[in-house]
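Asks: Below is the structure I would like to discuss, written out as structure tokens.
The values are calculated or read from the model by the stated rules, or taken from the named source; none is laboratory data. Since we're looking at a predicted model, the values are computed, not measured. Using ideal geometry, Cβ is built from the backbone for each residue, glycine included, and neighbour counts are taken over all protein chains shown.
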């Protein structure tokens, strides 16, 4: 297992890498005395493959802002790993230039469509979510290109961030337009990003979503755990499935505690 730490723009990023087919990364972005948001990442190629078509990444942009991306290239294993690498690189480059998730998806679509054009008759269809989390405003700005909707879990409720009109996957047309949505993320919440290898391994989406909700609740109740790995372990406890799979979890901190004459109180 490899460990790494980087520091930049007031944000400390802690990262772990596991060798072998399961790739697990943990990130912690510290944002001052009020607490910190954290992101954990789990990524597993199908079967014994060393790489696959799913990606997920978190990039600290400042002391209070984090960019997140997750996606899935059609197919699985090393056969689509090259396309995945190109898409991921284009997205990571784009998020340093724009804060509009739809613009990032448009740039990635150009890469996906060009790859499809080179492989006449085959095509490369990919789904992706791009999100920017602003800890000061507790807002998540995101755009979705045909990907399973993120799941938000709080102490007393859960919801999938579905769109009224789903946007198309990447690589179908030369131009891609997506809708930017802004949602408020409460304190002490988790936002679960995942690929369809997590919820569709038995071709039963409703059952898969129910199992994901259970796993997310299990991880939510354990604030010190690696949430992404905990959710994956819970979902796959009875079998891994035959597709690439990835999970990424954003966890927001609890309210800060302010001392008062009558004792501590929550802000």
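Asks: Any residue in the stretch 72-85 that is outside any loop (DSSP other than H, G, I, E, B), at pLDDT 90 or above, touching a helix residue (DSSP H, G or I) at 6+ places or on another chain (Cβ under 7 Å) and surrounded by 14 or more Cβ atoms within 10 Å (Cβ to Cβ)?
Replies: Within the stretch 72-85, one or more residues are outside any loop (DSSP other than H, G, I, E, B), at pLDDT 90 or above, touching a helix residue (DSSP H, G or I) at 6+ places or on another chain (Cβ under 7 Å) and surrounded by 14 or more Cβ atoms within 10 Å (Cβ to Cβ).
Asks: Sort out which residues of the stretch 60-71 are within 17 Å of residue 251 (Cβ to Cβ) and either assigned to a strand (DSSP E or B) or in contact with a strand residue (DSSP E or B) (Cβ under 6 Å, 6 or more places away or on another chain) (or both), and write them in order of number.
Replies: Those that are within 17 Å of residue 251 (Cβ to Cβ) and either assigned to a strand (DSSP E or B) or in contact with a strand residue (DSSP E or B) (Cβ under 6 Å, 6 or more places away or on another chain) (or both): 60, 65, 66, 67, 68, 70.
Asks: While we're looking at this one, here's another question. Looking for something buried (at least 22 other Cβ atoms within 10 Å of the Cβ), touching a strand residue (DSSP E or B) at 6+ places or on another chain (Cβ under 9 Å), at pLDDT below 95 and not in a helix (DSSP H, G or I) - is there at least one such residue anywhere in the stretch 113-125?
Replies: Yes, the stretch 113-125 has at least one match.
Asks: Failed condition for residue 159, given (1) surrounded by 14 or more Cβ atoms within 10 Å (Cβ to Cβ); (2) under 24 Å from residue 208 (Cβ atoms); (3) in contact with a strand residue (DSSP E or B) (Cβ under 7 Å, 6 or more places away or on another chain), with all others met?
Replies: Residue 159 satisfies every listed condition except (1).
Asks: Can you tell me which residue within the stretch 201-221, out of those that are farther than 24 Å from residue 142 by Cα and without any contact (Cβ under 8 Å) to a residue 12 or more places away in the chain, is surrounded by the fewest Cβ atoms within 10 Å (Cβ to Cβ)?
Replies: Within the stretch 201-221, the match that is surrounded by the fewest Cβ atoms within 10 Å (Cβ to Cβ) is 203.
Asks: Kindly provide the set of residues from the stretch 222-236 that are in contact (Cβ under 8 Å) with a residue 40 or more places away in the chain and not in a loop (DSSP other than H, G, I, E, B), ordered by number.
Replies: Across the stretch 222-236, the qualifying residues are 227, 228, 229, 231, 232.
Asks: Step by step: first the residues of the stretch 91-102, then only those that are surrounded by fewer than 17 Cβ atoms within 10 Å (Cβ to Cβ) and not in a loop (DSSP other than H, G, I, E, B), then the one that is nearest to the chain's Cα centre (by Cα). Which residue is that?
Replies: Once the filter is applied, the top-ranked residue is 92.
Asks: Restricting to the stretch 46-71, what's the tally of residues that are within 24 Å of residue 234 (Cβ to Cβ) and surrounded by 24 or more Cβ atoms within 10 Å (Cβ to Cβ)?
Replies: Of the residues in that region, 10 qualify.
Asks: Six or more apart or on different chains, Cβ under 9 Å: which pairs go from a residue in the stretch 247-262 that's at pLDDT 85 or above to one that's loosely packed, with under 11 Cβ neighbours inside 10 Å and in a strand (DSSP E or B)? Could you list them?
Replies: The qualifying pairs are 254/266.
Asks: Those residues that are more than 16 Å from the chain's Cα centre (by Cα) and closer than 15 Å to residue 250 by Cα, I need them from the stretch 160-189; list them, please.
Replies: Listed by number, the residues that qualify are 184, 186, 187, 188.
Asks: Residues 182, 191, 198: which one is modelled with pLDDT of 90 or more and either surrounded by fewer than 13 Cβ atoms within 10 Å (Cβ to Cβ) or in a loop (DSSP other than H, G, I, E, B) (or both)?
Replies: Just a single option satisfies the conditions, and that option is 182.
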